[in-house]
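Pasting a structure below so you can have a look.
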Amino acid sequence: MSKHSRLWTGLASVSTCCLVLSGVGLNCMMGYSGTVNQALGITTSKVVNEGDSSEDTTYFESDYGELNADNLQKLISDTYEEAVAEEAEGAVLLKNDNNALPLADTEKKITLLGHAVAQPLYKNASAGSKGYNSAEGIDLYTALKNQGFEINDTLYNAYKNSSTERGTGAFDFVTQTSSVHSMGEENISFYTDELKSSFADYSDVALIMFAREGGEGMELALEDDFEGISQLALHQEEKDLLNMVKESGVFKKVIVLINSGNPMELEWLDEYGVDACVWIGQPGQRGFEAVAKIIDGTVNPSGSLTDTYAANSLSAPATVNGSFNNQTWVNLDEVLAAIDDDDAGISYSTVQAEGIYVGYKYYETRYEDSILGQGNAASKAGSSFGKEWDYASEVTYPFGYGLSYTTFEKKLDSVSIDGDNITVNVTVKNTGDTAGKTSVQIYAQTPYGDYEKKNLVEKSAIQLLDFGKSDILQPGESQTLSITCDKYLLASYDYKNAKGYIMSEGDYYLTVGDNAHDALNNVLAAKGASQLVDQDGQTVAGNKANVYSWSEKLDTETYKVSRYTDETVTNQFDEADPNYWQDGTVTYLSRSDWEGTYPKAPTQITLNEEMIKLLSGNFYEKSSDALSVSDFTQGALTGKPLAAMIGLDYDDPAWDEYLNQFTIDELTGLLSDNFGTAEITTVGKPAVVAGDGPDGVGGTYNESRYGTGVQDTCFPTEIVLASTFNKDLMYNRGKLMANECMYLGMEEDWMPGVNIHRTPFGGRNFEYYSEDGTMNYLCAIPEVVAMEERGVHAGAKHIVGNDQENNREGIAVFFNEQGFREITLRGAEGAVAVAKGQALMHGFNRLGLVWCSENTALCNQVIEKEWGFTGQQETDAVAGAAGTYKWHLTSAVAAGVDQFCLDFAGDVGRAVAAQIKETDDGDLLALVRKSAHDYLYTVANSSIMNGYSVDSRIVSVTPWWQPLMTGLIVLFAALDALFIFMNLRSRKREIVEE
Amino acid sequence: MMKDFLARKAYGFWVVALALVAAVVSLVRYIGWAPAHNTTNILVILSLVIGIILNIVSMVRDEDLLLVAVTACYAFAAFRHLADQVGSFVDAFQGINMFGDASQVGNIVSIGICMVCGTLLAIVSGFLKREK
């Protein structure tokens, strides 16, 4: 074997390796082509207009006019302005002793403390914009500097250079573990004498920032790995830091920023001498500008909490069964043996034994009952401190709480009721000496009488009814807000007797309050109660002058019929109640007896044969009299493009004709979503791109077209937006995101997040509005309306019950229908039924035993029939789902699913097509036609059709990377052949020479 | 006989042998890991098995083109395995758990490294003298 021969062998091996790499790489990239194209900003189809060029094909106009570079700059500028405004109005001033904030002009020298100042939490790990990681992102340090503060760089740089890192959930190759529970705070030994000596020159303020981080698939820990305590509690390293600051005696003021979407336990603020505390949530890429402006007083904070801040984060009854207290089936082995699906998706359950008593609805109701001495409210059950339950001990800050640099007086002027409209007039007066705005929170109490007690209709002692926000009021200035509330939101769902919504008989109270607790005290005052206290335990009187009261008769009929359609609204989820299967399995929390009904331990469930059958899913079976495939016309091209369907009713017969043009493979191909769908030129269907993110749609502008390649804006997280209590900002967020989608060529964005903060530990609480279903309902409406008005579909997610990240895939969520309809489902109702969002995404979870996407009661009965939804129903992600509960494809399509999220390689479409053809199942084909119809209806009526007319031709555009990869394959194949040839020739020569 | 056989072998032969060891380790690790995480790709197993067989044959009968074929098999196994796990890499980089299993990235990479080692050793052996 000669040297030459070896050389050619080696080179042939190299080129073979490169050839294989190119081939597999191309195959992989084709499988993820949608994602690759989106990342590279490539659209795979373009329009060629051949008809009347004067025809107006702008069906939805951008608010910025023509899509061009100049207008995009205006849009980007407006998104930054909006982001700052949201944070400015969403940040919540929790404590401000002796007017420590805002800082005076002379207080400019600041020492930033806490590792989070060097590692700010802009948002938790999730989908959407990552703009905060770009040059356009602004951190706390930069924002403060820009605002004129002088910062202790010695300590700041030490933080920046420290190896300490808060856990993000990213995989750690060294430890082979997830870093999700890493607190990321410095050990006290980090603060050397040299570092401490730097404090003296920056001693006006110690500005401490603490963060708590969860994320998608990452629940915060009920008991963490470090100290075995709640991840939301103050940890030793944080205590040491606070002690160091306090004991140094150097700083004139101590201010704490809470950088978290989950409510930290904050009872310690006084103990460590903290002068002021601001909850800033997760500010996104520009929000820290507003934080700096709040600190120096340029902005007067006006945010209000959308969660209750409990002294003990484990004290919510929902934590008994929720989060990491999920259970496996008692007979798990039997269940696993009986079902073929992957174990993880069929093993876990959680029971919402708390019913409607989530967040403030628990704490405030128990408060009223303890004040009125009823329902054993003062018992030790659920008490955090081993003594009688006491509101002021349990709650640090109530729902709706938030201070200002000024004071306001709010006067309930009048209330008028006309049908379902309750018009509330409130006059707000700035009684302080600083200009500012404030939220106007309208609350109500509905009767809890004999009927309710007998039929287990639970009632929150106080419930948010609606809200508004004042303008900026100068000192002494007044403004009257007229807020029209919806009486429907006062109805209760009676799942036992009426099996529908009822208006209870008795006295109703409506009030305006600074927060939920303040409002309840007003109501209690009106009811003549005494010994009222605020959250600090201070005696208060309540303001009965701010209460309006009226009476209602028992009404079981008015809301029995859907207000959106004529469908009867009645029990649909009896099987999701464990007591349906075996009476007494769960005792739901009831205010009739707090002691006797407070959940003591997680509910454990044994599945019987029928339950296992439900859990195993896969309900679809071809019926004996099913239609044949030949009963349908497919592939009959008429030349009618999708543009011809623009504006047609969903039921227009033209849709049938249009769908007849598709082949079966083309129809089933539409079931596979890959952040959009590919073009189908034969039927004039363009390529469609989808965004994904409540706080930023997630895309990069096409630099060659618009002159900038920046990412779309990462707004403050959804919880911050909700905390503004400002519907104008919510509408504006939707409007701006819709315009961003237009520039990014996106037909829809998966937003808003409409799940609730069932426990304080939800890993995605940051991108859901609040702990209150009504708050979610009210916040979702303006955002979705603004999106839909601009032809960009707002796909609310995750419908529904996906209120936790732990075991979210396949977890069986059990509940009673009152809790489900009034709390869990309410946000989705706002986004879909009221705001008419034309897309929605299901949850990974099950309702009872049945996966949301296979659940006919949810997908068909509630969403389509009760809510009148017409549009795209999509599963949550099914990437890699073969062999799991999410691969019940035909069953999901039969329930109402139109698309399967992130089926990168199109496996869903192929599998369903094969089943249709192999079994000659015309019924299944009809279901797939409906799915395609639903989806294409939303596409046809979206801004993505701008520029298309019936004379337009859709032309495929091959992404540049495809010929590049193909070229590499050809090149390496040629080299391979050449080297092998040279090898053979060399060996032949050797033989001849020998 | 074996002594004579080995005496005829040059250092390149031992590189071929090392490639075989890497491939066997890869196969064992893959079979031990993939089924437990529902990610078995029969093509990966087949390509490793075929590569190992060809590798053994090439050690008995030194043949340039066999080494090229071994390289192709090992390379396919390595790249197919890594491509199959794109979802887990996406999760790891995004800091989420959705498309794959971020907690398995360590195993995925270490198995991939074994496979890539086999591939590189097969390539290198092609350049080397394998018989005296």
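How big is D for the protein assembly as shown, in µm² s⁻¹ as a whole number, if Stokes-Einstein is applied with the Kirkwood radius of its Cα pairs at 10 °C and 1.306 mPa s?
In µm²/s, the coefficient is 50.
Calculate how large, on average over all directions, the projected area of the Cα convex hull of segment A:333-458 is; give the answer in nm² to one decimal. Walk me through the intermediate numbers first.
Numbers: hull surface 60.7 nm².
The Cα convex hull of segment A:333-458, projected and averaged over all directions, gives 15.2 nm².
Report the Cα centroid-to-centroid distance between segment A:437-511 and segment A:782-856 in angstrom, as an integer.
The distance from the Cα centre of segment A:437-511 to that of segment A:782-856 comes to 23 Å.
Sticking with this one: For A:787, A:746, what's the fewest-to-most ordering of other Cβ within 10 Å of each Cβ?
The order, fewest Cβ neighbours first, is A:746, A:787.
Further, regarding this structure: Considering only DSSP states other than H, G, I, E and B, which GluC sites (Glu not before Pro) in segment A:556-628 qualify as loop sites with at most 13 other Cβ atoms within 10 Å?
Answer in residue order: A:557, A:621.
Can you give the net charge of the other residues whose Cβ lies under 9 Å from the Cβ of residue A:456, counting K and R as +1 and D and E as -1?
Neighbourhood net charge equals 0.
Moving to a separate point now. Which lysines does residue A:797 reach when only Cα atoms under 22 Å apart count, and residues fewer than 8 places away in its own chain are ignored?
Partners found: A:123, A:130, A:727, A:735, A:836, A:865, A:886, A:930.
Would you mind computing, in nm to one decimal, how far apart the modelled labels at residue A:471 and residue A:454 are, each placed 7 Å from Cα along Cα→Cβ?
5.3
Next up: Karplus couplings for segment A:901-914 from phi (6.51 cos²θ - 1.76 cosθ + 1.60, θ = phi - 60°), rounded to Hz, Gly and Pro as x?
Per-residue couplings from phi come out as 5, 6, 8, 3, 8, x, 5, 4, x, 5, 5, 6, 4, 4 Hz.
Now, a different point. Restricting attention to segment A:337-388, which GluC sites (Glu not before Pro) occupy a DSSP loop and are surrounded by at most 16 other Cβ atoms within 10 Å? Walk me through the intermediate numbers first.
Details: sites: A:354, A:364, A:368, A:388; in loops: A:354, A:388.
Passing sites in segment A:337-388 are A:388.
For segment A:704-835, what size does the Cα cloud have along each of its three principal axes, sorted from largest down, in whole Å?
53, 28, 24
Output the 0 to 90 degree angle, nearest 10, between the alpha-carbon long axis of helix A:727-744 and the longest principal axis computed from the alpha carbons of chain A.
10
Going by a ≥ b ≥ c, the root eigenvalues of the Cα gyration tensor, does segment A:659-760 fall in the rounded group (a/c under 1.5), the prolate group (a/b larger than b/c) or the oblate group?
Oblate is the answer for segment A:659-760, as a/c is 1.5 or above yet b/c matches or exceeds a/b.
Starting at 0 and stepping by 5 Å, how many percent of the alpha carbon pairs of segment A:104-154 end up in each bin?
Reading the bins upward from 0: 5, 16, 25, 21, 16, 10, 5, 2, 0.
If you project the alpha carbons of segment A:533-641 onto their three principal axes, what span does each projection cover, largest first, in Å?
For segment A:533-641, the Cα extents along the three principal axes come out at 77, 44, 32 Å.
Apply 1/(1 + (r/R0)^6) to the Cβ-Cβ distance of residue A:145 and residue A:227, taking R0 = 35 Å, and write down the FRET efficiency to the nearest 0.05. Provide the component values of the computation, followed by the final result.
Values: r = 35 Å, r/R0 = 0.99.
For residue A:145 and residue A:227, the calculated efficiency is 0.50.
Compute the projected area of the convex hull of the Cα atoms of segment A:350-597, averaged over all viewing directions, and report it in nm² to one decimal place.
In nm², the orientation-averaged hull projection of segment A:350-597 is 14.6.
Of A:366, A:563, B:80, how do they rank once you tally other Cβ atoms within 10 Å and put the fewest first?
Result, fewest neighbours first: A:563, B:80, A:366.
Here's a follow-up. Where the only charges are on Cβ atoms (+1 Lys, Arg; -1 Asp, Glu), what is the dipole of the protein assembly as shown about its Cα centre, to the nearest 20 debye?
Here the protein assembly as shown has a charge dipole of around 3500 debye.
So between residue A:704 and residue A:7, what do we pick up on full extension, going 0.36 nm a residue minus the alpha carbon distance?
246.4 nm
Suppose each label sits 7 Å from its Cα in the direction of the beta carbon; what would the residue A:551-residue A:134 distance come out to in nanometres?
In this crude spin-label approximation the distance works out to 6.2 nm.
Can I ask one more? Taking the Cβ-Cβ separation of residue A:630 and residue A:160 as r and a Förster radius of 51 Å, what is the calculated FRET efficiency to the nearest 0.05?
0.15
For segment A:407-426 and segment A:103-169, compute the distance between their C-alpha centroids and round to whole Å.
Segment A:407-426 and segment A:103-169 have Cα centres separated by 43 Å.
Something else now. Stretch residue A:49-residue A:68 to full length: gain in nm at 0.36 nm per residue minus the Cα-Cα span?
Full extension from residue A:49 to residue A:68 adds 4.9 nm.
Report the Cα centroid-to-centroid distance between segment A:917-932 and segment A:561-636 in angstrom, as an integer.
Taking the Cα centre of each part, segment A:917-932 and segment A:561-636 sit 25 Å apart.
Sort A:725, A:972, B:76 by Cβ crowding within 10 Å, fewest neighbours at the top.
Taking fewest neighbouring Cβ atoms as first place, the list is A:972, B:76, A:725.
Among the lysines, select those whose C-alpha is under 28 Å from the C-alpha of residue A:453, and discard any that sit fewer than 8 residues away in the same chain.
Those lysines meeting the cut-off are A:361, A:380, A:387, A:487, A:496, A:499, A:527, A:544, A:553, A:560, A:600.
With N residues in segment A:955-994, what two-decimal value do you get for its Cα radius of gyration over 2.2 N^0.38 Å?
Taking N as the residue count of segment A:955-994, the ratio is 1.98.
Just how many % of Cα pairs in segment A:230-389 lie over 24 Å apart, if you round to the nearest whole percent?
Summing the P(r) of segment A:230-389 above 24 Å gives 56 percent of all pairs.
Under 5 Å between amide H atoms, partner at least 5 residues away or on a different chain: which partners does residue A:351 have, H built in plane at 1.01 Å?
Placed amide hydrogens put A:603, A:814 under 5 Å from residue A:351.
Let me ask something else. Nearest 10 degrees, 0 to 90: what angle lies between the long axis of helix A:922-940 and the longest principal axis of chain A (Cα atoms)?
70
Given a Förster distance of 60 angstrom, what is the FRET efficiency for residue A:984 paired with residue A:926, based on the Cβ-Cβ distance and rounded to 0.05?
0.50
Let me ask you something else. Given H placed on each backbone N at 1.01 Å, which residues far from residue A:440 in sequence or on other chains put an amide H within less than 5 Å of it?
Long-range HN contacts for residue A:440: A:468, A:469, A:470.
Hey, what does the equivalent ellipsoid look like for segment B:8-127, semi-axes from the Cα gyration tensor as sqrt of 5 times each eigenvalue, largest first, whole Å?
On the way: eigenvalues 182, 30, 22 Å².
Whole-Å semi-axes of the equivalent ellipsoid: 30, 12, 11.
Take every Cα pair under 8 Å in segment A:71-302 that's 6+ residues apart, average their separations, divide by the length, and report that relative contact order as a whole percent.
So the answer I get is 36 percent.
Then there is this: For chain A, what is the mean residue ellipticity at 222 nm derived from helices alone (per DSSP H run of n ≥ 4: -39500 (n - 2.57); sum divided by total residues; nearest 500 deg cm²/dmol)?
Helix contribution divided over all residues of chain A: -9000 deg cm²/dmol.
If you take all C-alpha pairs in segment A:71-302, what percent of them are over 23 Å apart?
Percent of Cα pairs beyond 23 Å in segment A:71-302: 47.
Stretched out fully, how many nm does the piece from residue A:991 to residue A:960 gain, at 0.36 nm a residue minus the Cα gap?
Result: 6.5 nm gained on full extension.
Read the figures in this text as sums done on the coordinates, not as results from a lab. As the structure is a computational prediction, the values presented were derived from the model and not from experiment. Virtual Cβ from ideal backbone geometry, glycine too; neighbours counted across all protein chains shown.
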